[in-house]
1. Angle check, please: helix 71-81 long axis (alpha carbons) against the longest principal axis of the chain (alpha carbons), in degrees 0 to 90, nearest 10.
2. Do the sum for the chain: with -39,500 (n - 2.57) for every DSSP H run of n ≥ 4, divided by all residues, what is the mean residue ellipticity at 222 nm, to the nearest 500 deg cm²/dmol?
3. For semi-axes √(5λ) of the Cα gyration tensor in Å, several values are listed as (i) 28, 23, 17; (ii) 38, 21, 16; (iii) 58, 19, 14; flag the one computed from this structure.
4. How long is the gain from residue 115 to residue 128 if the chain were fully straight, where each residue apart is worth 0.36 nm and the alpha carbon distance is subtracted?
5. Tell me which residues come under 5 Å, amide H to amide H, from residue 65 once H is placed; ignore anything under 5 positions away on its chain.
6. Using R₀ = 30 Å, calculate the FRET efficiency as 1/(1 + (r/R₀)^6) where r is the Cβ-Cβ separation of residue 87 and residue 43; round to 0.05.
7. Apply the Karplus parameterisation 6.51 cos²θ - 1.76 cosθ + 1.60, with θ equal to phi minus 60°, to every residue of the stretch 128-142 and state each ³J(HN,Hα) to the nearest whole Hz, in sequence, with x for glycine and proline.
8. Of 297, 101, 144, whose Cα points farthest to the positive end of the dipole of the chain (charges on the beta-carbon: +1 Lys, Arg; -1 Asp, Glu; origin at the Cα centre)?
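Throughout, read-outs are computed from the coordinates displayed, never taken from laboratory work. Note that the coordinates shown come from a computational prediction; the quantities given were computed from them, not determined experimentally. Positions of Cβ are generated from backbone atoms using ideal geometry, with glycine treated the same way; all protein chains shown enter the neighbour counts.
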Amino acid sequence: MPREARAPFNTNRADVVLRSSDDIYFRVHSCILGFSSPFFDSMFDLPRPRTRDGDQDVWDGLDVIQVTEDGQILDMLLRFCYPAAVEDPRLETTEELEAVLEAAVKYAMEEVEEKLRAALLDPKFLETEPLRIFSIAYRFRFEAEARAAATCLLRTPTAPFHSSPLKEIDDSDLEKLAIYRSNCAEAVRALGRNLATLHRKQSYAFYKWWTNFCSCPQRPDARYLMHGTYAREWWADYLDETIAALQETPCGRAVMQHVPKALQMATSCPSCQSKAPVHMADFSRSFAQEIDQAIACVPLGMTF
């Protein structure tokens with residue numbers, strides 16, 4: 001049954017009506033819609049279509065334009081178009097986000113599109129549904145947003161590459177996404193092979209700590225040799241576990257995963273117990289930054 005949209009799209013000051021696919025009538029201002037969308041701007045210059053009976057489609061004396069979006073999506077789209085007096089709608093799901101974005105692209109609403117591209121990077125979507133966000137970004141060929149989502153996918157041990165959100169991506173692109181993940185794992189593996197890959201200042205800070213008198217056993221492993229001094233056993237164990245974790249989740253966050261265990265192991269030594277919290281915080285932060293920088297240099301390997 002036809003019904004009128006909620007405020008502000010029920011004003012008597014409107015000069016045109018948009019009718020949604022589920023028969024909701026939106027009273028809008030053609031000047032605002034024209035500024036927001038070249039599609040509608042050009043449409044308003046055309047003669048109005050007539051019904052089969054030869055009459056123009058009107059609602060309460062205003063010309064009616066039929067659109068394919070339903071009332072919920074059209075309401076959100078229009079709220080993005082209207083001035084600051086009308087708040088932007090709150091997008092609750094990625095399905096809503098994709099549908100409104102599709103409409104914005106269809107009607108060439110560039111400013112609305114920019115807002116929705118920013119919404120793709122909202123943590124409530126990006127961090128909870130990175131695969132879905134990747135699918136949306138790739139569909140519309142938004143390279144920066146697709147890369148952000150692909151990077152976020154690295155935080156999960158295995159990416160479900162065959163789930164429904166990727167239905168519009170072909171097998172070759174899925175393979176490229178898997179290769180990207182593998183290349184990221186190799187990039188971070190290289191960082192853990194030798195401490196010399198880390199920032200020199202950070203490396204020297206550890207050297208000063210390790211050369212202090214301490215009863216902790218050292219790990220005689222060339223991978224952990226720094227300025228002629230081997231790492232303490234508990235710290236080498238931490239790095240071994242961290243490097244293993246990075247192969248499953250090649251991202252900076254993985255560096256923090258085993259820090260609590262390392263600090264617990266350090267409590268057996270009075271010297272390490274007092275110094276480890278500060279030094280481990282500095283090291284893990286620096287190491288995480290190095291990892292994220294290395295990943296940023298890995299090409300996504302997909303065409304946009």
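1. Orientation of helix 71-81: about 80 degrees from the principal axis.
2. Rounded to the nearest 500, the figure is -16000 deg cm²/dmol.
3. (iii)
4. So the chain would gain 2.7 nm between residue 115 and residue 128.
5. 17, 18, 19
6. FRET efficiency, residue 87 to residue 43: 0.65.
7. 9, 9, x, 5, 5, 5, 4, 4, 5, 4, 5, 4, 8, 6, 9
8. Result: 297.
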